[in-house]
Amino acid sequence: MPWSVVNDGDGMPRIILTEPSGSSAEVLLYGGQVVSWKNDRREELLFMSSKAVLKPPKAIRGGIPICFPQFGNLGSLEQHGFARNRLWAMDSCASPLPPPKNQSTIDLVLKSQEEDMKTWPRSFELRLRVILSPGKLTLIPRVRNTDNKQFTFTLGMRNYLSVSDISEVRVEGLETLDYFDNLIQRERFTEQADAITFDGEVDRVYLSTPGKIAIIDHEKKRTLVLRKEGLPDAALWNPWDKKAKGLPDFGDEDYHVMLCLDSAAVENPITLKPSEEWMGRQELSTVLSSYFSGQLDPRQVLAGK
């Protein structure tokens, strides 16, 4: 398979995925985290904070961290759970997923550790398959209950996306949906806008979202499409200027060029009986367009046309 392992001597081995059209991705064993995805023109599609701390025990501010067994602060654990702060391993037993075919694919696994059992006393296996293909990056998370009793969890894939200018971006596919606003004590509202645009801090979890959501970046004339299965909710986050200045691992001006659009299972936590397995899926893809000349109608993208 077209991938290689690079160790820069910093204790953070990374897996480099490539594919024939020229796109690439980088995945760290720390956190099982995708930290880079470049298209065939070598443009970076994921955001990484200018002040990101790329060493344990800190979580990495950028890329696609896996939030498990808790998304956000919806529980007693640390923010977004502990999976993003642990060292994962290469997975040689990806069954029952079919073996990789022609794509550039890597399988990772995180198993319950003694230190985690103190705060979350459940035995589990968390697996992640990362697939790089032309114009697409696919992540398939799986959770297996290896305990002798059932457990419940929430999970999210926090997609830090690179944008040209947050004030020139809009999100379509979330209109008319209910959402929790984390800036107002998780109060529940219904989205009234035809499309979501940004002129200040946003921290929301949209509920029962569709399988496709589009981010239209006017300046880059590019639409990024998020497709997902098994992850019914979607979170939107941008700290804006004041909050950004209070985050030690986030550059003061970084908020201009990023947006988090997350695939998540939040409102209805997932319950697994012993030996049961849950599987989700998300696919990020890009559509280059001359948006201003009307060659791309985002509604057609969302409709799969």
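The values are calculated or read from the model by the stated rules, or taken from the named source; none is laboratory data. This is a predicted model, so every value here is computed, not measured. Here Cβ is always computed from backbone atoms with ideal geometry, including for glycine, and neighbour counts include all displayed protein chains. Heads up: the accessible areas ignore ligands, DNA and RNA and are worked out on the full protein's heavy atoms, side chains in. Shrake-Rupley method; radii C 1.70, N 1.55, O 1.52, S 1.80 Å.
The single residue among ARG86, ARG61, ARG122 that is at pLDDT 90 or above, closer than 18 Å to PHE153 by Cβ, basic (Lys, Arg) and buried (at least 20 other Cβ atoms within 10 Å of the Cβ) turns out to be ARG86. If you go through segment 159-178 one residue at a time, how many are of a type outside the set (A, V, I, L, M, F, W, C), open to solvent by 20 Å² or more (accessible area, probe 1.4 Å) and in contact (Cβ under 8 Å) with a residue 24 or more places away in the chain? Residues meeting the conditions: 7.
Scanning segment 179-202 for residues that are touching a strand residue (DSSP E or B) at 6+ places or on another chain (Cβ under 9 Å) and open to solvent by 70 Å² or more (accessible area, probe 1.4 Å) turns up LEU183, ARG186, GLU187, ARG188, ASP194, THR197. Give me the pairs, please: first residue somewhere in segment 99-115 and within 18 Å of GLU277 (Cβ to Cβ), second residue anywhere and open to solvent by less than 50 Å² (accessible area, probe 1.4 Å) and in a strand (DSSP E or B), beta-carbon distance under 6 Å, and either six or more positions apart or on two chains. Close Cβ pairs satisfying both conditions: ASP107/ARG129; LEU108/LEU128; VAL109/ALA89; VAL109/ARG127; LEU110/LEU126; LYS111/GLU125; SER112/PHE124.
For segment 243-262, the criterion of being open to solvent by less than 60 Å² (accessible area, probe 1.4 Å), in a helix (DSSP H, G or I) and either free of Cβ contacts under 8 Å to residues at least 60 places away in the same chain or among the basic types (Lys, Arg) (or both) is met by at least one residue. Contact map, segment 270-282: first residue in contact (Cβ under 8 Å) with a residue 24 or more places away in the chain, second residue outside any loop (DSSP other than H, G, I, E, B) and small (Gly, Ala, Ser), Cβ cut-off under 8 Å, separation 6 or more or different chains; pairs are GLY280/SER263; GLY280/ALA265; GLN282/SER263. Against the list (1) modelled with pLDDT under 95; (2) under 28 Å from TRP240 (Cβ atoms); (3) basic (Lys, Arg), the condition LYS38 fails is (1).
If you go through segment 214-231 one residue at a time, do you hit one that is open to solvent by 10 Å² or more (accessible area, probe 1.4 Å), in contact (Cβ under 8 Å) with a residue 60 or more places away in the chain and basic (Lys, Arg)? Yes: one or more hits. Looking at (1) surrounded by fewer than 20 Cβ atoms within 10 Å (Cβ to Cβ); (2) without any contact (Cβ under 8 Å) to a residue 60 or more places away in the chain; (3) within 22 Å of VAL287 (Cα to Cα), which is the only condition THR209 fails? Failed condition: (1). Test LYS273 against the stated conditions and say whether it is open to solvent by 40 Å² or more (accessible area, probe 1.4 Å), modelled with pLDDT under 95 and not β-branched (Val, Ile, Thr). No.
Got a number for residues in segment 89-116 being open to solvent by 60 Å² or more (accessible area, probe 1.4 Å) and not hydrophobic (A, V, I, L, M, F, W, C)? Count: 11.
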